[in-house]
Amino acid sequence: MRKLVAGNWKMNGTSADLPQLNALADQHGDASVDVVICGPATLLSRMADTGLSIGGEDCHPSSSGAYTGDISAAMIADTGATYVITGHSERRTDHNEDDALIASKATAGWNAGLHVIICIGESEAQYRAGETLDILRAQMDQSIPDAATAETTTIAYEPIWAIGTGLTPTAEEISAVHAALRVHLEARFGAEGSAMRLLYGGSVKASNADEIFALANVDGALVGGASLKATDFSPIITALEASA
């Protein structure tokens, strides 16, 4: 299994920020792990020109149609991108996306030849109530289509309460959750579940990357704010390489 670190720029970035990717490409163009930047649709074509692997932050489940303002997986692939994120908590929460919609987006991504990163995560209230694993198992069962394989699919666990807050679960908590997710994937998908990458996301930064990447069943990270600057993202990539 080749480890993966993915940056999610969210609603950030203009052409003035492209030199950040050029700097990453210069430093990590031959990295021993997979490095992908998922950026805004307005930049994807130019991002692809840097030589880094590029992904979309979301896609519509339909291949085309009268959906003003949306972007299809085929359009994302046409830019040169090879990845797409579905099910991020900000889409689930801010846009009321449910598991069925997320599963349909994953299928759309596969149909366009994209590798799909499917996000799951619990709220702070669910975490405090001790419901984390029940919530995550339900999201996995309903958000991941039956056709998922290790070649086409990566799962990213992002506790909602840790995204952009500076808070992170303890190493013991991350380890326990990822172990449970691996068991669940293997029970459903067998050998494919064993080989499917599990990323951790939620306030990952240079100062905690080494500890997180040392944990079993953590095969990389989905990184938000720290992926916007090469000086912040590069140490995370280096930490993942050291753990590989």
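FYI, it's all coordinate maths here, none of it is from the lab. What you see is a predicted model; the values in this text were computed from it and never measured. Every residue, glycine among them, receives a Cβ derived from its backbone with ideal geometry; neighbour counts consider all protein chains shown.
Does any residue of the range 212-229 turn out to be assigned to a helix (DSSP H, G or I), of a type in the set (Ser, Thr, Tyr), over 24 Å from Glu57 (Cβ atoms) and touching a residue at least 40 places away in the same chain (Cβ under 8 Å)? Show your work before the answer.
Filtering the range 212-229 down to residues assigned to a helix (DSSP H, G or I) leaves 212-213, 225-227.
Okay, now just the ones that are also of a type in the set (Ser, Thr, Tyr), so 227.
Filter once more, keeping what is over 24 Å from Glu57 (Cβ atoms): none.
No, because not a single residue in the range 212-229 is assigned to a helix (DSSP H, G or I), of a type in the set (Ser, Thr, Tyr), over 24 Å from Glu57 (Cβ atoms) and touching a residue at least 40 places away in the same chain (Cβ under 8 Å).
Out of (1) closer than 16 Å to Ile155 by Cα; (2) assigned to a loop (DSSP other than H, G, I, E, B), what's the single condition that is false for Thr107?
The single condition Thr107 does not satisfy is (2).
Matching residues to (1) in contact (Cβ under 8 Å) with a residue 24 or more places away in the chain; (2) under 14 Å from Pro235 (Cα atoms); (3) of a type in the set (D, E, K, R):
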residue	(1), (2), (3)
Lys3	yes, no, yes
Gly7	yes, yes, no
Lys10	yes, no, yes
Asp17	yes, no, yes
Val36	yes, no, no
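Which residue pairs have Cβ atoms closer than 6 Å, lie 6 or more positions apart in sequence or on different chains, and pair a first residue in the range 79-108 that is touching a residue at least 12 places away in the same chain (Cβ under 8 Å) and among the polar types (S, T, N, Q) with a second residue that is surrounded by fewer than 18 Cβ atoms within 10 Å (Cβ to Cβ) and not in a strand (DSSP E or B)?
Thr79/Ser45; Thr107/Pro145
Please find, among Asp70, Asp98, Asp58, Asp94, the residue that is within 26 Å of Val5 (Cβ to Cβ) and surrounded by fewer than 18 Cβ atoms within 10 Å (Cβ to Cβ).
After applying the criteria, what remains is Asp94.
Looking at Ala81 and the list (1) surrounded by 23 or more Cβ atoms within 10 Å (Cβ to Cβ); (2) among the aliphatic types (A, V, I, L, M); (3) under 13 Å from Ser227 (Cβ atoms), which single condition is not satisfied?
(3)
Residue under question is Ala156, and the condition is that it be aliphatic (A, V, I, L, M) and surrounded by fewer than 17 Cβ atoms within 10 Å (Cβ to Cβ); does it hold?
no
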